[in-house]
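Written out below as structure tokens is the structure these notes cover.
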Amino acid sequence: MKPRIAVLGCGYWGSNHIRTLKSLGVLAAVSDANEARAEGFASEHDCVAISPEALFEHAGIDAIVLALPPQFHAEYAIRAMRSGKDVLVEKPIALTVDDAQRAVAVARETGRIIMVGHVLRFHPAFEKLKDLIDKGDLGEIRYIHSHRLGLGKFHTENDALWDLAPHDLSMILAITGAAPEEVRGEGAALLDHLSDFAHLHMRFPGGLRSHLFTSRLNPYRERRLTVVGDKAMAVFDDVEPWGRKLAVYRHAVWHDSGHWAFTTNEPTYVDVEEGMPLTRELQHFLDCIETRGEPRTTGEEAIEVLRILTAGSVTHG
């Protein structure tokens, strides 16, 4: 019997979860503080609408996807797990490391699954990039930089760093396999007191360095992760069409007679199986529910993402 999943939070991203879970045949219920909104989604997707207060104790629900403003994520995840339900929490898992740690501790205590919605970890192009790195095709990784730029969305609680960086940080942590030893942040606020532009500079064990740039006031979209190894470089560019999302550059640089020399090569585009990251993420969640296996995007990793965000945040007067 397939797990019966409810979505709590019927906003923009919650609606994507609702449609995807319906396509997977496991959507049992929707819930939202706005009762009319929940009823509308329930009618459209042939499921029941349950009030948030009644949802946690509902016997017909096995797991809950939380797509709420992040200040509510930890509290509701804890309620769900104490009620015997597994949880997928959208990013960020919380707004403080302490709250995230409390949620992860309850998962251990109750034996429930807590998975965090770092959806780009399930992108086929990133999965292929990670495979190339693990096989040594790029050599030793020396530098990683990520750019996530665009116009909007604007939040009253989250700045550009907290809204846009968690996905990239999850990918960077997956590649490095370690927490950074040093984090330095820079930010600029143009609209109010929240950073609209944010930079993170990170140093990892072994000397690997990483730079992340996010902006919600940029005139063009950029969704690019670049990995520099001592054998080759690779670029995951999610703005490109499927046939060009993952490129490998086999440039060469060497020391010759006291000078640096280099050659450049045209990129090789790696074949990537097309697939929707959210569908793959939710299928992984279902697999974890059924097998009781550990999710790829764990609560512990989400805590580390929060530590980096906290260390790199810049406050503005």
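The values are calculated or read from the model by the stated rules, or taken from the named source; none is laboratory data. Everything numeric in this text was worked out from a predicted model, so none of it was measured. So basically every Cβ, Gly included, is an ideal-geometry build from the backbone, and we count neighbours across all protein chains shown. Just the protein is used for accessible areas: all its heavy atoms, side chains included, with ligands, DNA and RNA removed. Shrake-Rupley method; radii C 1.70, N 1.55, O 1.52, S 1.80 Å.
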Handout entry: the range 125-136, subset farther than 18 Å from R244 by Cβ and surrounded by 16 or more Cβ atoms within 10 Å (Cβ to Cβ), residue nearest to the chain's Cα centre (by Cα)
Key = K130
Exercise for the section: Considering only residues that are over 22 Å from the mean Cα position of the chain (by Cα) and small (G, A, S), look in the range 243-299 and name the one that is most open to solvent (accessible area, probe 1.4 Å). Expected result: S257
Problem - Verdict on D271 being modelled with pLDDT of 95 or more, outside any strand (DSSP E or B), over 28 Å from K153 (Cα atoms) and of a type outside the set (A, V, I, L, M) - result: yes
Problem - The lone exception for T110 - which of (1) in contact with a Lys or Arg (Cβ under 8 Å, 6 or more places away or on another chain); (2) under 25 Å from V7 (Cβ atoms); (3) open to solvent by less than 20 Å² (accessible area, probe 1.4 Å) it fails - result: (3)
Exercise for the section: With respect to A252, determine if the residue is more than 19 Å from L309 (Cα to Cα) and modelled with pLDDT of 95 or more. Expected result: no
Exercise for the section: Return the only residue of E57, E90 being surrounded by fewer than 24 Cβ atoms within 10 Å (Cβ to Cβ) and over 20 Å from the mean Cα position of the chain (by Cα). Expected result: E57
Fill in the blank from the handout: Within the range 232-242, the residues that are touching a residue at least 12 places away in the same chain (Cβ under 8 Å) and either of a type in the set (A, V, I, L, M) or open to solvent by 60 Å² or more (accessible area, probe 1.4 Å) (or both) are A232, M233, A234, V235, V239, W242
Practice task
Enumerate the pairs (first residue in the range 17-43 and farther than 16 Å from L68 by Cβ and at pLDDT 95 or above; second residue anywhere and open to solvent by 30 Å² or more (accessible area, probe 1.4 Å) and in a helix (DSSP H, G or I)) with beta-carbon separation below 8 Å, excluding pairs fewer than 6 apart on the same chain, so at least 6 apart or on different chains.
Solution key: T20/T279; S23/T279; L24/T279; L24/Q283
Handout entry: Flag if K153 is touching a residue at least 12 places away in the same chain (Cβ under 8 Å) and open to solvent by 40 Å² or more (accessible area, probe 1.4 Å)
Key = yes
Completion exercise
Across the range 81-105, the tally of residues that are among the aliphatic types (A, V, I, L, M), touching a residue at least 40 places away in the same chain (Cβ under 8 Å) and out of contact with any His (no Cβ under 9 Å at 6 or more places or on another chain) stands at 2
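Identify, from the list R224, R216, the residue that is of a type in the set (K, R) and either buried (at least 20 other Cβ atoms within 10 Å of the Cβ) or at positive phi (or both).
R216
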Practice task
For R209, indicate whether it is of a type outside the set (S, T, N, Q), out of contact with any helix residue (DSSP H, G or I) (no Cβ under 8 Å at 6 or more places or on another chain) and closer than 18 Å to R307 by Cα.
Solution key: yes
Exercise for the section: Out of the residues in the range 23-42 that are among the polar types (S, T, N, Q) and out of contact with any Pro (no Cβ under 8 Å at 6 or more places or on another chain), state the one that is farthest from E290 (Cα to Cα). Expected result: N34
Practice task
Please list, ordered by first then second residue, the pairs with beta carbon atoms under 7 Å, 6 or more apart or interchain, first in the range 266-279 and free of Cβ contacts under 8 Å to residues at least 60 places away in the same chain, second of a type in the set (S, T, Y) and assigned to a strand (DSSP E or B).
Solution key: P267/Y249
Exercise for the section: Just one of (1) open to solvent by 10 Å² or more (accessible area, probe 1.4 Å); (2) within 23 Å of the chain's Cα centre (by Cα) trips up V7, so point out which. Expected result: (1)
Practice task
Considering only the range 65-79, state which residues are in contact (Cβ under 8 Å) with a residue 40 or more places away in the chain and out of contact with any Pro (no Cβ under 6 Å at 6 or more places or on another chain).
Solution key: V65, L66, A67, L68, P69, Q71, Y76
Practice task
Starting from the range 170-187, take each residue that is farther than 12 Å from A311 by Cα and list its partners that are open to solvent by 40 Å² or more (accessible area, probe 1.4 Å) and not in a strand (DSSP E or B), counting only C-beta distances under 6 angstrom and pairs at least six apart or across chains.
Solution key: A178/P205; G187/V314
